[in-house]
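The values are calculated or read from the model by the stated rules, or taken from the named source; none is laboratory data. All values derive from a computational prediction rather than experimental measurement. Please note: Cβ atoms are built from the backbone with ideal geometry, for glycine as well, and neighbour counts cover all protein chains shown.
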Amino acid sequence: MNVTQKLIASHLVSGEMIPGQEIALRIDQTLTQDSTGTMAYLQFEAMGIDRVKTKRSVAYVDHNMLQAGFENADDHKYIQTVTKKHGIWFSRPGNGICHQVHLERFSKPGETLLGSDSHTPTCGAVGMLAIGAGGLDVAVAMGGGAYHVLMPRVCQVKLTGKLPPMVTAKDVILEVLRRLTVKGGVGKVMEYTGEGVAALSVPERATITNMGAELGATTSVFPSDAVTRQFFTAQGRENDWKELLPDADAAYEETVEIDLSSLIPLAACPHSPDKVVPVGELSGVKVDQVAIGSCTNSSFADMMKVAEILRGRTVAENVSLVIAPGSRQVLTMLARNGALADMVAAGARILESACGPCIGMGQAPATDAVSLRTFNRNFCGRSGTASAQVYLVSPETAAASALAGVLTDPRSLQTTPVTLRPEAFPANDNMVAAPAAPGEQVEVVRGPNIKPFPINKPLPETLSGEVLLKVEDNITTDHIMPSTAALLPYRSNIPHLAEYCLTPCDKDFPKRAKEKGGGFVVGGVNYGQGSSREHAALAPLYLGVKGVLAKSFARIHAANLVNNGILPLVFENEADYDKLALGARITLEHAREQVAAAAEGTLLCAVTEGGERIALRLDISQRQAEMLLAGGLLNATKEGGNHHA
């Protein structure tokens with residue numbers, strides 16, 4: 001077996017390990033963050049389960065950090081109290097980004113992790129099966145239910161050679177994205193193998209697994225080897241380490257080979273992580289802003305490289321440089337060894353250890369500005385400025401460009417910092433609050449901004465409505481449910497958020513959806529890529545969206561639609577996309593019968609008002625069919641079926 005198969009086999013609850021077949025996995029750990037967590041815990045409460053059943057569940061506060069009003073602080077108070085009551089650990093604001101902290105303090109080779117954040121695969125760097133999912137799936141897992149997913153194909157990414165100076169792990173994953181595109185990992189786990197793996201530290205591996213989410217992959221996995229052991233020993237957690245390697249005769253469905261020694265510094269151009277070109281081709285492009293951090297590139301090793309490049313120099317006059325260390329552990333180390341002073345002396349502005357600009361929470365660039373970011377996504381408008389041009393680069397490229405004022409190949413510098421692998425990290429978990437003891441009374445505090453979430457009704461016999469919106473390929477969850485600094489405080493208020501649903505595509509969509517009593521959305525390829533936020537399903541549900549017809553869907557978003565009773569319908573013939581215009585009426589007769597039959601692979605048939613028949617695929621399992629008939633996972637669970645087990 002390969003590492004992926006070993007992880008799945010050891011956690012398989014039901015199903016067969018045949019690619020494309022639905023399997024159920026036992027979940028050892030869960031994580032949430034405050035942007036998706038409020039909804040996940042509201043859903044967990046709705047299940048009526050007293051205490052989590054996982055080995056460890058952790059709630060992080062790292063997203064909604066700007067407290068311009070009471071809303072974010074209220075959500076944090078709710079999360080802190082509801083988690084204390086139900087047996088969940090709480091990482092307090094300032095402790096760091098969920099993926100960075102979880103990797104440092106809670107990851108365990110050989111275990112499964114389900115997180116309500118699409119970058120949960122970060123912990124695949126240490127040999128975990130770490131998967132991002134919607135909050136409702138995470139709530140079910142916290143309650144002891146299995147996680148259902150299609151058995152992935154395993155794509156081997158075989159690494160040979162060693163990275164040259166100033167070429168980084170970020171360049172490795174950008175090269176993978178360049179070759180495979182943002183939909184190239186759909187239905188796959190990316191498993192990294194080969195002699196080149198040993199040359200990569202755990203934080204470097206984490207950069208690669210983190211940004212593997214942009215491939216659309218189910219997750220990414222590295223083996224747990226001697227390098228992993230050294231990391232755990234340095235974290236004071238050697239007892240949590242175990243070896244996990246592929247067998248000598250392990251087989252893979254697909255192989256991609258990358259010679260690390262042949263790579264050069266790369267950049268993803270606006271507005272997609274797969275628009276990758278050599279940094280050299282962009283040399284001289286004037287830069288207005290540089291942001292270093294995020295769950296992709298905020299490790300101690302990354303920060304030390306940046307500090308060494310900046311030491312004794314000054315950031316260019318035209319550049320605003322902001323730096324966010326990924327965790328309190330990292331920030332503490334930088335403060336103790338003087339690297340933080342080097343950054344500040346060079347002119348960097350130090351942000352708190354949180355997601356910050358990566359999710360549009362502050363640091364929006366100027367109008368038409370060029371912003372270099374060490375982040376994982378550069379979707380149009382995600383920075384908070386619609387006209388900004390955002391490039392994704394390595395910390396070395398970012399630091400070199402901040403000094404020069406223009407996009408700069410870092411190999412042109414005299415400095416060539418090496419990757420540090422500390423023998424000991426300062427372990428201090430005093431900002432992680434333990435849950436209450438079983439039976440201890442805890443009052444759950446709910447602020448006025450926390451509203452009930454919408455729950456669908458059972459599927460009717462006939463599903464009918466107009467096309468409310470027609471959009472193109474690669475529509476992201478940022479399009480469907482924008483995640484700006486102004487809207488993030490309302491993550492627990494679906495009625496308010498719904499007023500902004502799909503407005504980046506059409507500002508009149510919410511008004512039209514309400515006037516028409518709901519209807520359908522028509523989309524292109526890879527509809528719903530990006531974040532795991534189930535708000536991109538909950539807001540359409542609130543507005544009455546009955547189904548989405550698309551050429552293909554991103555994995556997590558399709559699952560979130562099903563979880564909330566919305567049909568993710570795929571055109572059997574992509575040419576039918578062209579037949580549907582805004583306002584066209586679509587009718588799905590005998591909907592309950594058709595959905596039930598879809599689990600057996602039968603095509604659905606929708607009819608337009610002109611009598612045009614459209615063949616649609618509904619890629620669901622029997623379990624998901626029962627969920628859709630019930631109007632979603634919560635309804636199915638309340639009916640007392642075994643849908644969550």
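Only one entry in PHE553, PHE520 is touching a Phe, Trp or Tyr at 6+ places or on another chain (Cβ under 8 Å) and more than 25 Å from CYS355 (Cβ to Cβ), namely PHE553.
Report yes if LEU113 is assigned to a strand (DSSP E or B) and assigned by TED's automatic domain parsing to the domain that holds ALA139, otherwise no. Yes; evaluated as a whole, the condition is true for this residue.
Yes or no, residue by residue, for (1) in contact with a helix residue (DSSP H, G or I) (Cβ under 7 Å, 6 or more places away or on another chain); (2) free of Cβ contacts under 8 Å to residues at least 40 places away in the same chain; (3) part of a loop (DSSP other than H, G, I, E, B):
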{"site": "PHE232", "(1), (2), (3)": "yes, no, no"}
{"site": "TYR252", "(1), (2), (3)": "no, no, yes"}
{"site": "PRO273", "(1), (2), (3)": "yes, no, yes"}
{"site": "ASN297", "(1), (2), (3)": "yes, no, yes"}
{"site": "ALA316", "(1), (2), (3)": "yes, no, yes"}
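Looking only at residues of region 501-522 that are surrounded by 15 or more Cβ atoms within 10 Å (Cβ to Cβ) and of a type in the set (Gly, Ala, Ser), we find that the one that is nearest to THR587 (Cα to Cα) is GLY519.
Mind telling me which of the residues GLU423, GLU440, GLU461, GLU472 ends up being of a type in the set (Asp, Glu), part of a loop (DSSP other than H, G, I, E, B) and without any contact (Cβ under 8 Å) to a residue 12 or more places away in the chain? Walk me through how you get there before you give the answer.
Details: GLU423 fails: without any contact (Cβ under 8 Å) to a residue 12 or more places away in the chain; GLU461 fails: without any contact (Cβ under 8 Å) to a residue 12 or more places away in the chain; GLU472 fails: without any contact (Cβ under 8 Å) to a residue 12 or more places away in the chain.
Checking each option against the conditions leaves just GLU440.
On inspection, GLN100 fails the criterion of being without any contact (Cβ under 8 Å) to a residue 12 or more places away in the chain and either out of contact with any Pro (no Cβ under 8 Å at 6 or more places or on another chain) or part of a helix (DSSP H, G or I) (or both). Taking the conditions (1) of a type outside the set (A, V, I, L, M, F, W, C); (2) assigned by TED's automatic domain parsing to the domain that holds CYS98; (3) closer than 19 Å to ALA369 by Cα in turn, GLY284 satisfies each one other than (2).
Test PRO365 against the stated conditions and say whether it is in a loop (DSSP other than H, G, I, E, B) and crowded, with 24+ Cβ neighbours inside 10 Å. The answer is no for PRO365. From the list ALA324, ALA301, ALA307, the one residue that fits, being crowded, with 18+ Cβ neighbours inside 10 Å, closer than 19 Å to GLY362 by Cβ and assigned by TED's automatic domain parsing to the domain that holds THR408, is ALA324. Which one is surrounded by the fewest Cβ atoms within 10 Å (Cβ to Cβ) among residues in region 390-435 that are under 30 Å from SER272 (Cα atoms) and among the charged types (D, E, K, R)? My answer is ARG411.
Among the residues of region 525-542, those identified as more than 15 Å from LEU463 (Cβ to Cβ), of a type in the set (A, V, I, L, M, F, W, C) and surrounded by 24 or more Cβ atoms within 10 Å (Cβ to Cβ) are ALA536, ALA537, LEU538, ALA539. Which one of VAL157, VAL140, VAL172, VAL167 is assigned by TED's automatic domain parsing to the domain that holds ALA46, more than 18 Å from the chain's Cα centre (by Cα), β-branched (Val, Ile, Thr) and part of a loop (DSSP other than H, G, I, E, B)? Criteria check complete, one pass: VAL167.
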